[in-house]
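These notes are about the structure you will find just below.
The values are calculated or read from the model by the stated rules, or taken from the named source; none is laboratory data. Note that this is a predicted model, so its numbers are computed, not measured. Glycine also receives a Cβ, built like all others from the backbone with ideal geometry; neighbour counts cover every protein chain displayed. For accessibility, only protein heavy atoms count, side chains too; no ligands or nucleic acids. Shrake-Rupley method; radii C 1.70, N 1.55, O 1.52, S 1.80 Å.
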Amino acid sequence: MDFTLDEELEAVRALADEIFADRATTERVREVEGSPSRLDEELWAELGKAGLLGIALPEEAGGAGLGLGALCVLLEEQGRHVAPVPLWPAAVGALAVAAHGTREQRESLLPGAADGSSRLTVALEEFGPADPAEPRCAAHGDSGTDGWRLTGVKAVVPSPFGAAHVLVSATAGQGPGLFLVARDAEGVAWETAETTTHDLAGTLTLDGAPAQPVGTPGDGAVAWTIERAAVALAAVQLGVAQGAIRHAVTYLSERKQFGRPLGTFQAVQHQLADCYIDVDAMRVCLWQAVTSLQEGEDAAAAVLVAKWWAGDAGLTVAHRAQHVHGGIGVDVDYPVHRHFLWARQISGTLGGPSADLARLGAVIAAGRIPG
């Protein structure tokens with residue numbers, strides 16, 4: 001299968017790389033990490049102005065209509081530059097509304113998502129070993145209205161600052177469903193804490209919070225959204241790993257020992273060769289998953305394989321890149337450490353590699369492998 005990007009996606013890559021290289025410098029990222037929100041709102045506005053925030057959304061919603069593949073190209077470039085903007089949760093939330101939301105929801109939420117004037121985030125995880133596809137947060141019909149009420153706790157909600165609405169997974173009598181909750185609605189309480197990546201994530205406590213369904217509980221929208229979130233994370237991780245290798249190659253070509261560059265030592269070359277092999281495997285598995293999703297196949301296995309490679313190999317690559325820097329690799333003033341922190345955070349999001357393998361085993365046992 002040929003995963004070469006077409007001209008449109010190459011243009012997306014080039015534009016994204018130009019913006020991130022200009023705006024997400026090491027100095028700027030360090031500055032944003034010390035800000036109250038930990039998000040680069042200036043970079044976010046620039047991405048909106050360039051049309052990149054709506055790259056995957058349909059044209060009728062103000063987007064470019066280029067789909068999930070274009071989003072993954074954008075996310076890969078973000079990961080390469082470890083740029084502190086909430087791209088993946090905002091984009092996945094908007095895609096879910098575009099695919100499953102009512103006309104009113106699409107018209108009210110998607111234009112702002114496309115131009116960056118407003119954004120969504122997603123609350124798909126909970127505390128404990130629960131499968132994200134089987135949320136314990138409870139949804140009950142709101143008596144006398146067509147709305148719902150949610151009760152439960154959602155963990156590690158990414159980048160809640162600046163998000164007007166949260167797309168929450170919860171279980172109703174009909175099964176799991178997606179629900180739209182206003183960030184500051186009654187019955188909504190937030191606690192924020194710094195994550196491994198220096199981002200701020202939220203613990204969202206819902207106590208009878210009013211919500212509107214996005215789709216119908218039990219219609220598969222939760223699984224649909226989780227699959228796209230997993231692929232989005234794999235795309236970011238691919239970029240993170242490549243950025244880490246770039247730092248390693250630069251350092252090893254300049255740093256000398258015994259009169260020659262460290263990069264000429266065979267043991268170091270072997271480590272970098274292993275990194276390149278892992279990155280290629282991550283890339284192939286990511287685009288296999290993207291292709292399966294875009295072609296409407298049962299992509300559960302392909303998505304889990306891509307997520308496992310991203311979680312396991314992505315973290316390994318970042319660790320090796322940091323290791324070959326020696327002592328300077330753990331210096332927080334040197335940029336390579338940031339790639340390791342991002343890789344660590346992504347690796348555990350929506351369940352770590354061991355959980356991914358367990359879910360993949362269940363998919364294989366159920367015979368859900370396209371012929």
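When each of the peptides 359-365, 305-311, 333-339 is scored by how many other beta carbons lie within 10 Å of its residues on average, the order from highest to lowest is 305-311, 333-339, 359-365. 3J(HN,Hα) along the stretch 4-10: 5, 6, 7, 4, 5, 6, 5 Hz, from the Karplus curve 6.51 cos²θ - 1.76 cosθ + 1.60 with θ = phi - 60°, whole Hz, x for Gly and Pro. Taking the charge dipole of the stretch 250-315 about its Cα centre, with +1 at Lys and Arg Cβ atoms and -1 at Asp and Glu Cβ atoms, the residue from Val290, Ala267, Leu315 reaching farthest to the positive side is Ala267. Place +1 on the Cβ of every Lys and Arg and -1 on the Cβ of every Asp and Glu in the stretch 178-235, take the dipole about the Cα centre, and give the residue among Gly215, Ala182, Thr196 whose Cα lies farthest towards its positive end. After comparing all options, I get Gly215. The residues of the stretch 179-310 expose, per residue, 42 Å² of accessible area to a 1.4 Å probe. Using a probe radius of 1.4 angstrom, the carbon and sulfur fraction of the accessible surface of the stretch 30-101 is 50%.
Report the antiparallel proportion of the DSSP beta bridges in the stretch 42-193 as a percent, rounded to a multiple of 5. Of all bridge pairs located within the stretch 42-193, approximately 70 percent are antiparallel.
Give me the distance between the Cα centres of the stretch 166-206 and the stretch 73-91, rounded to whole Å. That distance is 21 Å. When all protein chains stay in place and ligands, DNA and RNA are ignored, the 1.4 Å accessible-area order of Trp287, Trp190, largest first, is Trp190, Trp287.
Within the accessible surface of the stretch 244-310, defined with a 1.4 Å probe on protein heavy atoms only, the carbon and sulfur portion equals 56 percent.
Only helices enter this figure: runs of n ≥ 4 DSSP H residues, each worth -39500 (n - 2.57), summed and divided by the residues of the chain, yield -17000 deg cm²/dmol at 222 nm to the nearest 500.
Couplings for the stretch 330-345, taken from phi via the Karplus curve 6.51 cos²θ - 1.76 cosθ + 1.60 with θ = phi - 60°, read 9, 6, 5, 7, 9, x, 5, 4, 5, 5, 5, 5, 5, 4, 4, 5 Hz in order; Gly and Pro are left as x.
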